[in-house]
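This report concerns only the one structure given below.
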Amino acid sequence: MDIAINPLDEPRIFATWEKVEAHVARASKQREHMMSLPERDMSNRLPKWKSKSVDHVSRDRETVKDEWITKGQLWPHVLSTCPPETSSHKNDQNLIEQSSNWTTSKDICNNRDWASIHGTLIRPATMSIRTDLVPMFSDAKLQGSNDILLPAASYFGEKAAYTSKGWFGEGNTATPWHKKVYGLVWRGKATGGLVEKSKWQDYQRQRLVAMLNGSDTALHDNESKFGSPTGHETTSVEQTGRPSLSSWLSEIANVGFTDYICPRGDSSDACKAMAARYGLLPEISMKKQYGWKYLPDIDGNSLSGRFRAFMRSNSAPMKATIFKEWHDSRLAPWVHFIPLDITLRDLWSTMAYFLGFGGDAGHDEEGERIATEGRLWAEKVLRKEDMLLYAHRVLLEYGRLCDDERDTLGLTLDMVPR
């Protein structure tokens with residue numbers, strides 16, 4: 001079987017809402033026809049496929065032209081995938097905290113403000129998309145994109161940037177919770193979108209570092225409520241009679257960039273501005289990061305690739321993303337990981353809840369519960385075997401759809417005789 005695998009970080013297929021709805025209506029009728037067939041006409045086995053050269057392919061079949069959209073902004077194409085009644089089409093902004101609803105927190109169609117705070121939507125690092133329904137297999141997708149999900153390649157390997165040596169083997173012992181550092185750690189590259197002079201401050205990773213950087217947050221130490229250093233509205237922790245925000249963050253957060261990713265090199269104006277604001281910190285290996293209690297995980301150009309390892313680390317992952325992955329339906333927020341809104345307006349209040357602020361004690365036992373539940377569940381549903389089984393089932397269905405006899409192919413062992 002030949003399949004088209006997306007080599008880029010970003011999703012590629014963005015068919016309009018109207019086009020998808022028309023295909024769904026057609027598929028519904030086709031399904032009714034398929035379900036009306038007698039069981040004796042169904043086959044449980046895919047036929048053997050014969051290899052055919054291009055010259056032997058029927059000329060009356062529709063062919064896909066090699067036409068890709070590589071210029072412009074991605075947001076208009078994302079918007080075209082949304083139903084016409086959603087708030088993004090109406091220019092409405094939804095500024096309600098949504099980390100309590102993980103599904104809603106990734107609903108691009110009702111969060112138009114994301115178009116100005118996420119690098120992929122502002123200026124993706126690479127852009128090569130199409131608006132027709134071409135089967136493309138990708139690591140991650142946006143809510144309205146039509147890519148077919150497979151587990152990310154980074155989840156299978158042992159690359160140091162995504163895991164630690166031997167992590168995928170059975171019998172590894174995780175660091176006990178009570179021996180971990182009381183705080184959070186994050187290291188990463190300044191990815192997330194094409195760096196431009198006037199835009200990079202709004203990208204998701206830059207906002208994360210700014211909000212956890214003592215120098216930036218010191219500007220807010222005299223305020224009774226704290227807003228985001230990037231200028232976006234942020235849920236706050238009260239300061240009256242308590243330590244300053246900057247001193248609190250300096251004690252519990254170890255966060256910084258390890259490299260700038262600039263298209264024209266470190267000499268570009270954007271990279272110079274980024275260096276003046278943040279500087280670079282030494283790398284911390286993934287194995288050592290597991291020594292902290294809380295591990296933020298935020299989008300880069302697409303998914304970060306570290307989430308699976310974080311889930312198995314016995315630390316509590318704090319996840320902020322607009323992307324969908326293969327395992328989303330298997331994991332429950334607030335049970336297996338700590339969800340964060342991609343705006344990060346709930347970041348400080350979430351940290352204050354688990355780690356405490358001033359005289360208020362944190363909820364360390366709740367963090368330990370999430371870390372433990374997440375690790376135990378990941379060892380049951382995020383194994384390599386689980387990823388291979390998922391991929392196998394996806395490819396079986398893809399093979400059925402590609403076959404000319406697709407209507408009579410399907411498992412019927414559990415069907416009620418008609």
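The values are calculated or read from the model by the stated rules, or taken from the named source; none is laboratory data. Since we're looking at a predicted model, the values are computed, not measured. Cβ atoms come from the backbone with ideal geometry, glycine included; neighbour counts cover every protein chain shown.
Quick notes on this one:
- The set of residues from region 188-204 being assigned to a helix (DSSP H, G or I) and surrounded by fewer than 22 Cβ atoms within 10 Å (Cβ to Cβ) comprises Gln201, Asp202.
- When residues of region 44-81 are limited to those that are at pLDDT 80 or above and not in a loop (DSSP other than H, G, I, E, B), the one farthest from Leu194 (Cα to Cα): Leu79
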